[in-house]
Amino acid sequence: MQKLENTIYSSLVPENKKWWAYLLMGCLFIFIGLWIFITPIASFLSLSLFFSLALIVLGIFEMIFSIKIIREAKNWGGFFARGLFDVIIGGVLLFNPFFTTNLLPYLLAAWIMFRSVRAILFAYRLKTYGIKQWYRNLIFGTITFVFGLMIIIYLILGGHSIAYAVAVAFMTLGFFNFSKAHQLNKLNKQDKSD
C-alpha cells in the first residue's frame, strides 16, 4: 500500500506546484461559458477560431509543463502526449476553417467529454490518496460529461439550444478547475510543511 501511495503522490507533486495554472484555466472556462450564454449565436460562430487557438495554447502549455516535470514525475509522457494532441488538433482546425465550423459541435462534445473523463479520473486519484473532498471533482466531471452528451443529442435532434449546453459544460469545467486548484494548493501547502 505504501508503494501505491508513493506512486500516486509522485504523480500529484508536479501538479500541486502548478495549482495556479488550474485556477487560471478555471477562470478562462467560466468566462467562455458566460460569454456563450450572453451571446450564443455570435459566440458560437467565433468559437471555432477561438477553440482552435485555445487548443494550441493549452497544448503548448501542457507540453512545457511536461518538460519541466521530467525529473519529478513518472507520468510526464502523458502530459506531453495530451499537449501534442491538442496542438495537432488545434493546428488542423485553425488551417481548415470551413471544416472547423461544420464539425465544431462534434469536436467540442468530444473535447468536453475527454476533459470530463480526466476530471473523473483525477477524482479517483484524490480518493486513493485520501483527500476528503474528492467527490467534488467526480460531480463536476460527471456533470460535464452529461453536457457533452447533450451536445451530441441536440445535434441529432436538431435542437437550437446547443450553445447553452456548451456554455454550461465550459462553466462546469471551470468549476472543476477551481476545485482542482484548491485541492492541489492544499497538497502543496501540506507538502511544504512536511
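The table for this structure:
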read-out	value
Complete set of residues in region 176-193 that are open to solvent by less than 50 Å² (accessible area, probe 1.4 Å) and among the hydroxyl-bearing types (Ser, Thr, Tyr)	SER179
Qualifying residue in region 29-40 (condition: at pLDDT below 80 and part of a helix (DSSP H, G or I))	yes
Considering residues of region 18-65 that are touching a Leu at 6+ places or on another chain (Cβ under 9 Å) and among the polar types (S, T, N, Q) only, the residue nearest to GLY90 (Cα to Cα)	SER52
Residue list for region 52-81, filter: aromatic (Phe, Trp, Tyr) and open to solvent by less than 40 Å² (accessible area, probe 1.4 Å)	PHE65, PHE79
Sole exception among (1) within 22 Å of LEU149 (Cα to Cα); (2) open to solvent by 50 Å² or more (accessible area, probe 1.4 Å); (3) under 18 Å from the mean Cα position of the chain (by Cα); (4) of a type outside the set (Val, Ile, Thr) for ASN102, by number	(3)
Filter result for the condition that a residue is of a type in the set (A, V, I, L, M, F, W, C), out of contact with any helix residue (DSSP H, G or I) (no Cβ under 6 Å at 6 or more places or on another chain), over 30 Å from TYR129 (Cα atoms) and modelled with pLDDT under 90, over ILE153, ILE162	ILE153
Selected residue [open to solvent by less than 20 Å² (accessible area, probe 1.4 Å) and either over 20 Å from LYS18 (Cβ atoms) or at pLDDT below 90 (or both)] from THR172, THR128	THR172
Exclusive hit being aromatic (Phe, Trp, Tyr), modelled with pLDDT of 80 or more, out of contact with any strand residue (DSSP E or B) (no Cβ under 6 Å at 6 or more places or on another chain) and closer than 20 Å to GLY148 by Cβ, set PHE85, PHE80, PHE61	PHE85
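The values are calculated or read from the model by the stated rules, or taken from the named source; none is laboratory data. These figures come from a predicted structure and were not determined experimentally. Here the Cβ is made from the backbone with ideal geometry for all residues, glycine too, and neighbour counts use every protein chain on show. The area values use the complete protein model at the heavy-atom level, side chains included, leaving out ligands, DNA and RNA. Shrake-Rupley method; radii C 1.70, N 1.55, O 1.52, S 1.80 Å.
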